[in-house]
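What follows is a set of notes on a single structure, which appears directly below.
The values are calculated or read from the model by the stated rules, or taken from the named source; none is laboratory data. What you see is a predicted model, and the numbers here were worked out from it, not measured in a lab. Please note: Cβ atoms are built from the backbone with ideal geometry, for glycine as well, and neighbour counts cover all protein chains shown. These area figures cover heavy atoms from the full protein model, side chains too; ligands, DNA and RNA do not enter into them. Shrake-Rupley method; radii C 1.70, N 1.55, O 1.52, S 1.80 Å.
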Amino acid sequence: MKLRVAGTTYAGAVVDLRARDVDGRIIAASIRGRRCFPALSCPEPPAVYAYAGYVHPSMGLRTRTALAAAARSRGHETPQDDAIAECRAQLAELECSPPDLPDPIDPVPESTIDGLQEAVATHRGRLTARQAVGADDGAVQADLRDAATELSERETRRAAARETRELRRERARAYRDTLEEQRRLADELANLRRSARATLVDRCADAFARAIEAVPGPVPDSPFDADPVTAALAVLRVARTPAPVVLGTDRFRSPTAASDCLDAPVVRC
């Protein structure tokens, strides 16, 4: 690892920054690629660093989740992995943004259509009667033409309102179905992850118990009852840790002793 802090470059597997009064959270964020400064060059940290990459007295820890991530860093797989990958792929394919709904069109009352149809029929009857006796029919034709035009426009608007209403319903229904499928897949994925985590924890339980006894700190009756710092150190001892671990604890007699115990590069803050 290479680490540059306040104009000084540190290199090697062990860096002691206690004299520089550097916040360990900043170093941990740089290791995980969440900060550009201080400049740091090191291997890519595995997922276990999200839980135990920075060990300090006030930390909390989801021990089983962290241990499962440690198992993953060792290349362990589970029977659920294929199903987890499939669920993730299906979730990624689902379009879950709200649908683009067309603006609603005010419906045309049936009574309006009925009235216009009656008016057209009346004007047509008047036109026929006047034509039969040879009377002037210009005004009647105009009335018929206006009524027929209005009827056509209202029928067109009624059809458009119906189509728009159906389209809105179809898109809203499809959106609800997508959300329901998304929820189902999310629940399935959560269950698969829990099962996978249980499998990984079971596989590493003995190694974790031995690690609890090997790292400095109180040894509880059950390994999973260990305090967060002890549990985090044990998780790191189980994990493959190519990137530097940031330590803000005095559990070890020296940073070099910490590196030897954890089999990992160490930055002591």
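Annotations for the structure displayed:
- Structure-based [θ]222 nm, the chain - -39500 (n - 2.57) summed over DSSP H runs of at least 4, per residue, nearest 500: -19500 deg cm²/dmol
- Each 10 Å bin, from zero up to the one with the longest distance, holds this percent of the alpha carbon pairs of segment 1-53: 23, 61, 16, 0.
- Largest to smallest accessible area among 14, 133, 238 [probe 1.4 Å]: 133, 14, 238
- When 59, 1 are compared by accessible area of protein heavy atoms, the largest-first order is 1, 59, using a 1.4 Å probe.
- Based on alpha carbons, the Rg and Dmax found for the chain are 36.9, 122 Å.
- Compactness of segment 135-249, expressed as Rg and Dmax over alpha-carbon positions, Å: 36.3, 116
- Dipole of the chain [Lys/Arg +1, Asp/Glu -1 at C-beta], most positive-end residue of 185, 13, 236: 13
- The accessible area of residue 56, taken with all protein chains in place and a 1.4 Å probe, comes to roughly 40 Å².
- Inter-label distance for residue 210 and residue 142, nm, one decimal - labels placed 7 Å from Cα along Cα-to-Cβ: 10.5
- Nearest-10 value in Å² for the accessible area of residue 37, using the 1.4 Å probe: 150
- Sequence-distant residues sharing a close amide H with residue 14 (under 5 Å, placed H): 266
- Distance between modelled label sites at residue 186 and residue 113, nm, 7 Å Cα→Cβ extension: 4.2
- Surface accessible to a 1.4 Å probe, residue 260 within the full protein complex, Å²: 120
- The largest accessible area among 204, 96 belongs to the first residue in 96, 204, and the rest follow in falling order (1.4 Å probe, all chains).
- Toward the positive end of the charge dipole of the chain, with +1 on the Cβ of Lys and Arg and -1 on the Cβ of Asp and Glu, the farthest Cα among 94, 80, 199 is that of 199.
- A straight chain from residue 84 to residue 152 at 0.36 nm per residue would run longer than the Cα-Cα distance by 18.8 nm.
- Hz values of 3J(HN,Hα) by residue in segment 93-107 - Karplus curve (6.51, -1.76, 1.60), Gly and Pro given as x: 7, 6, 8, 10, 6, x, x, 8, 8, x, 4, x, 10, 4, x
- For the chain, the share of accessible area belonging to carbon and sulfur comes to 47 percent (1.4 Å probe, ligands and nucleic acids excluded).
- Accessible area in square angstrom per residue, segment 61-209, 1.4 angstrom probe: 64
- Note that segment 216-269 presents 39 Å² accessible area per residue, ligands and nucleic acids not counted, probe 1.4 Å.
- Estimated FRET transfer efficiency (residue 175, residue 106; beta-carbon r; R0 22 Å; 0.05): 0.40
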